[in-house]
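Data block below; observations after.
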Amino acid sequence: MVIKIADQTLKTVDKILECAKKEFLEKGFKNASLRNIAKNAGVTTGAIYGYFKDKDAIFVSLVKTTIDDLYSLINELESEHNSVKLTRDMFLSIVKDEHLKYIDYVYSNFETCKLLLCCSSGSSMENYIGELIEYIVKINMPYIIYLNSKSNKIDNETNEFIIHMTIQFLFKVIIELIENNVPYEDAIKRANVLFTIFFAGYSEVYNLK
């Protein structure tokens, strides 16, 4: 009997999350209605509060795995170019491929990434992108300082500004693609061209040969 109750509870929670995801994707967190979520899930709003503290807790439950996975992916990918001294061709190839892998991840987890990047306004996750950008900047600053040591043209404050704007550009590209539901193949083509143009500037600024 305990197992049956647990199974039923799990099914109910899954249904709530399924309906909540649809509601958040259609209306965004701020305009999403718990009443609609409950109605579509076939439960009362009181029943939802038995499983989740509030609407924000539901949203966090939907995106938590994506948040954890993105941090893991960042640590994995950023270390690929930070751990070696790169020539111009190596830099362009590795960094461009690295950023395309972010797009691969987003499209493999399209709905939850769209929730996190496009629908989180008003939730406790609405500043997540900014926090993620700062995290990536922190990881990359030592490498940018290393690149700058080849020419010593740029002060550290400007270096930090450059890497900060680069990461913002990456997220702007991804958000633009998923907001407009661009098909994966087209997204890769567009991003590939943009990244080629953008990162070629790095090799020029930091004198990569």
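So the label point goes 7 Å from the Cα of Asp14 along Cα→C-beta, right? Which residues of segment 45-60 then have their backbone N under 19 Å from it? Only 48, 51-52, 58-59 fall inside the zone, counting backbone N under 19 Å. Descending by average beta-carbon neighbour count within 10 Å, the peptides 177-189, 47-59 line up as 47-59, 177-189, the highest first.
For segment 16-72, which whole-number percentage of the solvent-accessible area (1.4 Å probe, protein heavy atoms only) is attributable to carbon and sulfur atoms? It would help to have the intermediate numbers written out before the result.
Numbers: 1480 of 3070 Å².
Whole-percent figure for carbon plus sulfur exposure: 48.
Over segment 153-209, accessible surface divided per residue gives 58 Å², non-protein components excluded, 1.4 Å probe.
By the rule of a C-alpha distance below 18 Å, with chain neighbours fewer than 8 residues away ignored, the aspartates and glutamates paired with Lys27 are Glu18, Asp54, Asp56, Glu111, Glu126, Glu176, Glu179.
Amide H contacts for Cys119 (H built 1.01 Å from N in the peptide plane; partners 5 or more residues away or on another chain; cut-off under 5 Å): none found.
Measuring against 20 Å, Cα to Cα, the residue pairs Lys21/Lys138; Lys53/Lys114; Lys11/Lys53; Lys64/Lys96; Lys21/Lys55 contain Lys21/Lys138; Lys53/Lys114; Lys64/Lys96 as the ones spanning a longer distance.
The values are calculated or read from the model by the stated rules, or taken from the named source; none is laboratory data. Note that this is a predicted model, so its numbers are computed, not measured. Neighbour counts run over all protein chains shown; Cβ positions are idealised from the backbone, glycine included. Heads up: the accessible areas ignore ligands, DNA and RNA and are worked out on the full protein's heavy atoms, side chains in. Shrake-Rupley method; radii C 1.70, N 1.55, O 1.52, S 1.80 Å.
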